[in-house]
Amino acid sequence: MKSIKIIVNYLPQYHVTKENNKWWGDGFTDWVATKTAKPLFENHREPRIPLNNNYYSLDDVNAIRWQANLARKYGIYGFGIYHYWFSSNQNLLYKPVEILLNNKDIDINYMLIWDNSSWKRTWKKEKFANDWAPKFDNDLEKENNNGILAELIYGNEVDWKIHFEYLLKFFRDKRYIKIDNKPIFAFFQPHNDFETVKKMANYWDKLARENGFNGIICATKENYKKYHLEYKIRYTPLSPEYFINKIKYKIKDIIADKTGKIRFYNYDKCWKEILSNAKKSDEKTFLSGFVDFDDTPRRANKGRVMKGATPEKFGKYIEKLAKIAKEKNQEYLFVTAWNEWAEGAYLEPDTVNGYAYLEQLKIAIEKVNKS
């Protein structure tokens, strides 16, 4: 049996960009959402504070080197880094992965997870679009625009080749995660014009072979057979809202706070559903678990909050999930997330739990790999 290798989802939204400044105010990064979070109900643990006030900036190579060293120390194999390519003319939040690429001494493996959707204002009704920071939209619906901040444009084969050639420099990096000399690349939204996604994946497979690989492995969070892609990642790259939406009618104790808007979810029941589904998975499914979840820093009283999470529970559940993956000879196991601070999904140390989640992860994976 193969040893389990942990890939943690990694958010690059922690450095100032001109687009962040324009859309959400000068100096905006996800740290702004994290720092300005308020407790919205009794015993609500907000704001979440990084240990030693480590509000790093990911345009600093030393911050990325620190992350990689910490991840390796606790047995993490690689980062699944979100990729925000909108068109041949617009690519955002690319700086951290390019810093990683250009500093070969940083000892961490990685792959890219394409969030192939547009960015929009909260008020804009648009399928397959991400309203990134609803709490910070304020009265911006009064802007004289259509509510789309960055538009996803797939284009044609010319554009797909431009995109592939950008990706190629990462694929050629020996740290880029591959299976049988095939780079792994994930689609966040395969159902966003899946016919085009399928054609693009097939074209990229051809280009990969022309460039010395055995092809490309395109993974999706949905049924990979439906989308004619090679692998499925069961619950990532999407954060826990995916399985929350899938199983919310099975969880009887979802309640709302006095505003009638915040939704609460039971940590144990969500994990039991994950484990139940994992047992039914096939060999082409990468399994995934999560640390915790609370997106009220971004969504305020329209957020979703997981209740009942502890490092000890996380360790217990991730061990069970890793055992299932190992029994099915599935090498890679995804965890949401390394640093989704404004969604309460992070392994990085904070002022309440310190390194406890990382410690539990390391204990669980070492135990499974020794068995």
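Restrict the check to segment 72-95 and report whether at least one residue is touching a Leu at 6+ places or on another chain (Cβ under 7 Å), open to solvent by less than 20 Å² (accessible area, probe 1.4 Å) and either farther than 23 Å from ILE184 by Cα or not in a strand (DSSP E or B) (or both). Checking segment 72-95: not a single residue is touching a Leu at 6+ places or on another chain (Cβ under 7 Å), open to solvent by less than 20 Å² (accessible area, probe 1.4 Å) and either farther than 23 Å from ILE184 by Cα or not in a strand (DSSP E or B) (or both). Quick check on segment 42-57: of everything there that is in contact with a strand residue (DSSP E or B) (Cβ under 9 Å, 6 or more places away or on another chain) and outside any helix (DSSP H, G or I), which residue is most open to solvent (accessible area, probe 1.4 Å)? The extreme case among them is ARG45. Restricting the first member to segment 9-23 and to residues that are under 17 Å from ALA63 (Cα atoms), and the second to residues that are in a loop (DSSP other than H, G, I, E, B) and polar (S, T, N, Q), the beta-carbon pairs closer than 7 Å and six or more apart or on different chains are ASN9/THR236; GLN13/THR29; TYR14/THR29; TYR14/SER57; HIS15/THR29; HIS15/SER57; VAL16/THR29. A Cβ distance below 6 Å, combined with a sequence gap of six or more or placement on separate chains, defines the contacts here; from segment 270-285, residues that are open to solvent by 50 Å² or more (accessible area, probe 1.4 Å) reach residues that are at pLDDT below 90 in the pairs LYS284/TYR231. Filtered by the rule that a residue be among the hydrophobic types (A, V, I, L, M, F, W, C) and modelled with pLDDT of 95 or more, segment 36-63 gives ALA37, ILE49, LEU51, LEU58, VAL61, ALA63.
Restricting segment 352-371 to residues that are in a loop (DSSP other than H, G, I, E, B) and not hydroxyl-bearing (Ser, Thr, Tyr) leaves a set whose member that is most open to solvent (accessible area, probe 1.4 Å) is VAL352. Residues in segment 29-41 that are of a type in the set (S, T, N, Q) and in a loop (DSSP other than H, G, I, E, B): THR29, THR36. For segment 148-182, enumerate the residues that are within 27 Å of TRP132 (Cβ to Cβ) and assigned to a strand (DSSP E or B). Listed by number, the residues that qualify are ILE148, LEU149, ALA150, TYR176. Checking each residue in segment 295-323 for being part of a helix (DSSP H, G or I), open to solvent by 10 Å² or more (accessible area, probe 1.4 Å), closer than 19 Å to GLU340 by Cβ and modelled with pLDDT under 95 picks out ARG298, ARG299, ALA300, LYS302. Evaluation of ASP292 against the conditions (1) open to solvent by 10 Å² or more (accessible area, probe 1.4 Å); (2) over 17 Å from the mean Cα position of the chain (by Cα); (3) closer than 23 Å to ILE7 by Cβ shows that the sole unmet condition is (2).
The values are calculated or read from the model by the stated rules, or taken from the named source; none is laboratory data. Here the structure is a predicted model, which is why all the values come from computation and not from measurement. Positions of Cβ are backbone-derived with ideal geometry, glycine not excepted, and every protein chain shown enters the neighbour counts. Remember, those area values only see protein heavy atoms, side chains included, never the ligands or the DNA or RNA. Shrake-Rupley method; radii C 1.70, N 1.55, O 1.52, S 1.80 Å.
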